[in-house]
1. Would you mention how many residues in segment A:75-134 are among the basic types (Lys, Arg), touching a strand residue (DSSP E or B) at 6+ places or on another chain (Cβ under 7 Å) and within 16 Å of DNA strand C (Cβ to nearest atom)?
2. Determine if segment A:50-58 includes at least one residue that is more than 14 Å from DNA strand C (Cβ to nearest atom), out of contact with any helix residue (DSSP H, G or I) (no Cβ under 6 Å at 6 or more places or on another chain), touching a residue at least 40 places away in the same chain (Cβ under 8 Å) and charged (D, E, K, R).
3. Out of (1) buried (at least 18 other Cβ atoms within 10 Å of the Cβ); (2) at pLDDT 90 or above, what's the single condition that is false for B:Leu138?
4. Residues that are touching a Lys or Arg at 6+ places or on another chain (Cβ under 8 Å) and either surrounded by 15 or more Cβ atoms within 10 Å (Cβ to Cβ) or more than 14 Å from chain A (Cβ to nearest Cβ) (or both): list the strands (runs of 3 or more DSSP E) wholly contained in segment B:48-108 that include at least 1 such residues.
Number of protein chains: 2
Amino acid sequence: MANPSAATPQPLTPDEEALVRALGQVMHVLPRAIDADMVGDRQLPLTEYTALMNLSETPDRRMRMNELAALCHLSLSGMTRTIIRLETQGLVRRERCEEDARGWNAVLTDAGYARLQESWPSHLAAVRRRFLQHFEGLDLAQLTRAFQGAGTAEPTD
Amino acid sequence: MANPSAATPQPLTPDEEALVRALGQVMHVLPRAIDADMVGDRQLPLTEYTALMNLSETPDRRMRMNELAALCHLSLSGMTRTIIRLETQGLVRRERCEEDARGWNAVLTDAGYARLQESWPSHLAAVRRRFLQHFEGLDLAQLTRAFQGAGTAEPTD
DNA sequence: GATGTTTGCTTGACCAATCAAGCACCGGAT
DNA sequence: ATCCGGTGCTTGATTGGTCAAGCAAACATC
């Protein structure tokens, strides 16, 4: 505690305190809950679902590893391991990248696409039930903007 | 994704879709960002900080494992391992519970209390900068209520 | 008051993520 | 052409969590 003014910031207001606690809970509970729903229902963990989903939204159902990792909010090595897991299930195939032989494309197979179709409703239901339902009546667009800013260390100006 | 038959719930509205994506990002990025801030700053990961904080808010700075685990949103075994980590750093001590010899209390040591005092401002600053700042002007109480419900599988009545 | 069940916590095995190091390839400078 | 720093991805080691099994104390029942 070198600098007295830095060491004694304003404490949080009770409202802020409550919000922070609630968010802490959500961040812990929500992904596990949705994941558990999907695993229980469809044997497809959230991370793998997300990878399949992002692949499916691409025109030719293929994507470079680094791009996919970014969309899945995963490190590159985490992405590699997820794709390997999916590959052993036959849901994804890997192909060397044409224009750069260092690169790989993850390619959604027909089996992968089918799997996604099959588990999509389960995911949707979980998201609604665990999350969206509780935000009915709020200004979603405004909230979205706030969330998009959060996590960044945006300057306080 | 058009699956014609029974398995077609209403898809999300664009607003909902955007919110879900934004939340996905926040849930991934925010804890790591805060954790990184604190580790970089103070060598105290968020989980350990949370444990110390909850202990410090108790009248005699001690708590049963199961209660502490619930407050930290951790499984019992996860809590055990966190406390062991803290114990080896001398920040927490364990004492058998008086009124039930199966139980243990985690007790915040003076060193632990000092450590907490020391890292509190850093945590507070990270929370403000990474999170609260982006929610200025919103109805925090309303948001808090929504968050508190989220993660639970509350009946859809 | 012995016995069987339940409770509180720890331990073992495992898993999915991370970071750091490694390998293969690209592409510009010489 | 060849070397050499940079890039794309994988692999190895570690971490921090989970669940399931284990163990000891408590309690209820006979």
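The values are calculated or read from the model by the stated rules, or taken from the named source; none is laboratory data. A quick note: this is a predicted structure, and the numbers were derived from the prediction, not measured. Glycine gets a Cβ as well: all are built from the backbone with ideal geometry, and neighbour counts include every protein chain shown.
1. So in segment A:75-134, the residues among the basic types (Lys, Arg) come out as A:81, A:85, A:93-94, A:96, A:102, A:115, A:128-130.
Filter again for touching a strand residue (DSSP E or B) at 6+ places or on another chain (Cβ under 7 Å), leaving A:93-94, A:96.
Narrowing further to those that are within 16 Å of DNA strand C (Cβ to nearest atom): A:94, A:96.
Residues meeting the conditions: 2.
2. Within segment A:50-58, none of the residues are more than 14 Å from DNA strand C (Cβ to nearest atom), out of contact with any helix residue (DSSP H, G or I) (no Cβ under 6 Å at 6 or more places or on another chain), touching a residue at least 40 places away in the same chain (Cβ under 8 Å) and charged (D, E, K, R).
3. (1)
4. Working: elements: B:62-64, B:92-96, B:104-108.
Per the criteria, B:92-96, B:104-108.
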